[in-house]
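Since every read-out is calculated from the coordinates, none of them should be taken as a lab result. Since the model is a prediction, treat every value here as computed from it, not as a measurement. Glycine also receives a Cβ, built like all others from the backbone with ideal geometry; neighbour counts cover every protein chain displayed.
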Amino acid sequence: MSRLTGGCACGAVRYSIDAEPTFSFHCQCRQCQRATGTGHASLFIVPKVAVSVTGDLTYYDQTADDGATVSRGFCPRCGSPMLGNTTGHPDIVLITAASLDDPTQFKPQKLVFSKTGQPWDYIDPALRDE
Ligand SMILES: [Zn+2]
Ligand SMILES: [Zn+2]
C-alpha cells in the first residue's frame, strides 16, 4: 500500500512511496530557484527503498551550495521537476511537494538557505533557519 502518490503535469511519469516523509522543507538556494523558476523549492525526504517510479525521468546534475552533487529528475516531456538524489545522502530521495496528487500531505518544517532568499518570496517566519 502506497502512502504517497504523485506524478508530473502530463502524466508520463508517476511515482508511489511506501513511507512517510522523514523531513519536509522549503529551500531558497539559488540552484532550487533556477530549477523551479521561482523563489524556492518545496521538498520532502523519503527513504530511497520506499520509492517506485513508472515512466522515464531525465536527470540533470548540479553542484549544490553545500558542495554535494544533486541529480534533479524531471519529466522529459512536460518538464515537471519531481525527484532529486544527492551524493551527500545516497539512501534518500527528495520529492517536490507539488508533484503529490494531494499536496496538502506536505507539512513544511523548516526553511533552508534563506540567505539567498528573494525579497519577494515570503515564507512563514516561524520556519526560518536563522
Ligand atoms: Zn510529464
Ligand atoms: Zn535548494
> Alpha carbon centre of the stretch 68-128 versus the stretch 1-38: separation in Å?
Replying inline: 6
> Dipole magnitude of the chain about its Cα centre, charges +1 at Lys/Arg Cβ and -1 at Asp/Glu Cβ only, in debye to the nearest 20?
Replying inline: 180
> Quick one: of the DSSP bridges fully inside the chain, what percent are antiparallel, nearest 5?
Replying inline: 90
> What number, rounded to the nearest 500 deg cm²/dmol, is the helix-based mean residue ellipticity at 222 nm of the chain, given -39500 (n - 2.57) per DSSP H run of at least four residues and division by all its residues?
Replying inline: -1500 deg cm²/dmol
> With no solvent and one point on each alpha carbon, what is the Debye value of log10 I(q)/I(0) for the stretch 1-125 at q = 0.14, 0.20, 0.22 Å⁻¹?
Replying inline: -0.56, -1.20, -1.44
